[in-house]
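Down below is the structure, laid out as structure tokens.
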């Protein structure tokens, strides 16, 4: 791993390259994650409402964004979008400076793709609740919006936390797809270090260790969150006792 | 701007060739991954002393790092390793095609292993006991009693995972291979027709994967009518597989 402390072509160290890659991976992960959860919860809830057109729209959203490969979606945002919108907007997009020019399409691709997967989890969570919850909310005179925000979603989300954790991990891994549109995140930096130094093992091992570390931290945090937010008596681990 | 559909039509044979490679890669990785994955799942399920820990570490590692990174590992590192092992001493390039087949098979085997393991746990204990009572050997207990039931029970998840695999094959783009997306990208760049080719690619993927999802959904519904599903759902949740 000595190579990490060698001076790189731009005057810094290769470790510095890797850290800059880590920064972009984490930033992309965080921004797309927040957006994906917001959209995913909205769409997932919309898939379970009584209003038919809204349900169909949500269903279509999931169908489209889940069935096109993430890489292709990113290409659409990066290459195709600036061409199909009015020219002035298109050229405004093309003016954006380098790291951000790849960052925004990457965020769009990752968050919309991940949202379609989260929506399915949220839908499953809402559907797993007893029908009585919705009826009781009706009986209390809550509006549809109140029913979701105050009654259904808080319970559904607490049930779905374990699968949402694996979505977060999946999102972390998917951030590497952004390298195809030129974002220098961890994997891209590792490939770059390999190209400059031919220290193949060191370069890719460092990247692998970084991903493992982030995954480890995520698991610890998720475990604590799960423990705190668990609805008493609904733990899936109860079954292992018998 | 105008949508030049004729350019896409005239490139159809080349695109189909690319699509064929994507399908080929998916099938090879699915069959190889299922065989290897089932084998690994059984090792873990039986609790074979050292091997079981090794499989666990392998599966965790593969599931924690991005596929692109794994592709790079194999593309750059395995030739060097082979070079060290042979007397020649210089690196032996595997070529991107071979790298893709190997990487996808090994990578997917980790995911299939977790699915099959969840299935093995979900099978009723009586099935194992029944097989033992009939005097079946361990290998025939797994091959003729347990695994066939596991495969049927997990069919919807296996189909879902295979759709994800099919989508993931687009990532061979980073090795400059000519899969479906790679073929489209090459012509799109040559003719400066990015809009036409990339949107065509998106629509074709959408169609193929929608058919796949529909199939998976059918399997799921069919099984919903049968019993024993709560158990599999629980096992899936325990392994964080419910997203499939």
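The values are calculated or read from the model by the stated rules, or taken from the named source; none is laboratory data. Keep in mind it's a predicted model, so treat the numbers as computed, not measured. Cβ atoms come from the backbone with ideal geometry, glycine included; neighbour counts cover every protein chain shown.
For the reader, a short list of remarks on this structure follows.
- When residues of region A:125-151 are limited to those that are free of Cβ contacts under 8 Å to residues at least 24 places away in the same chain and not in a helix (DSSP H, G or I), the one nearest to residue A:70 (Cα to Cα): A:130
- Residue match in region B:24-46 (condition: over 22 Å from residue A:166 (Cβ atoms), surrounded by 14 or more Cβ atoms within 10 Å (Cβ to Cβ) and within 14 Å of chain A (Cβ to nearest Cβ)): yes
Yes or no, residue by residue, for (1) surrounded by fewer than 18 Cβ atoms within 10 Å (Cβ to Cβ); (2) farther than 19 Å from residue A:201 by Cα:
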residue: B:71; (1), (2): no, no
residue: B:74; (1), (2): no, no
residue: B:77; (1), (2): yes, no
residue: B:81; (1), (2): yes, no
residue: B:84; (1), (2): yes, no
residue: B:91; (1), (2): yes, no
residue: B:95; (1), (2): yes, no
residue: B:105; (1), (2): no, yes
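- Only one of the numbered conditions (1) surrounded by fewer than 12 Cβ atoms within 10 Å (Cβ to Cβ); (2) at pLDDT below 90; (3) within 11 Å of chain B (Cβ to nearest Cβ); (4) in contact with a helix residue (DSSP H, G or I) (Cβ under 9 Å, 6 or more places away or on another chain) is violated by residue A:202, and that is (1).
Yes/no per residue for (1) at negative phi; (2) at the interface with chain B (Cβ under 8 Å from one of its Cβ atoms); (3) assigned to a helix (DSSP H, G or I); (4) more than 26 Å from the chain's Cα centre (by Cα):
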{"residue": "A:170", "(1), (2), (3), (4)": "yes, yes, yes, no"}
{"residue": "A:183", "(1), (2), (3), (4)": "yes, no, no, no"}
{"residue": "A:207", "(1), (2), (3), (4)": "yes, yes, yes, no"}
{"residue": "A:221", "(1), (2), (3), (4)": "yes, no, yes, no"}
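- When residue B:162 is tested against (1) at pLDDT 90 or above; (2) over 14 Å from residue B:216 (Cα atoms); (3) more than 11 Å from every other protein chain (Cβ to nearest Cβ), exactly one condition is not met: (2).
- For region A:189-199, filtering for residues that are outside any loop (DSSP other than H, G, I, E, B), surrounded by fewer than 22 Cβ atoms within 10 Å (Cβ to Cβ) and more than 7 Å from every other protein chain (Cβ to nearest Cβ) leaves 4.
- From B:137, B:143, B:176, residue being at positive phi and over 18 Å from the mean Cα position of the chain (by Cα): B:176
- Single residue of A:154, A:232 found to be away from chain B (no Cβ under 11 Å) and either part of a loop (DSSP other than H, G, I, E, B) or at positive phi (or both): A:232
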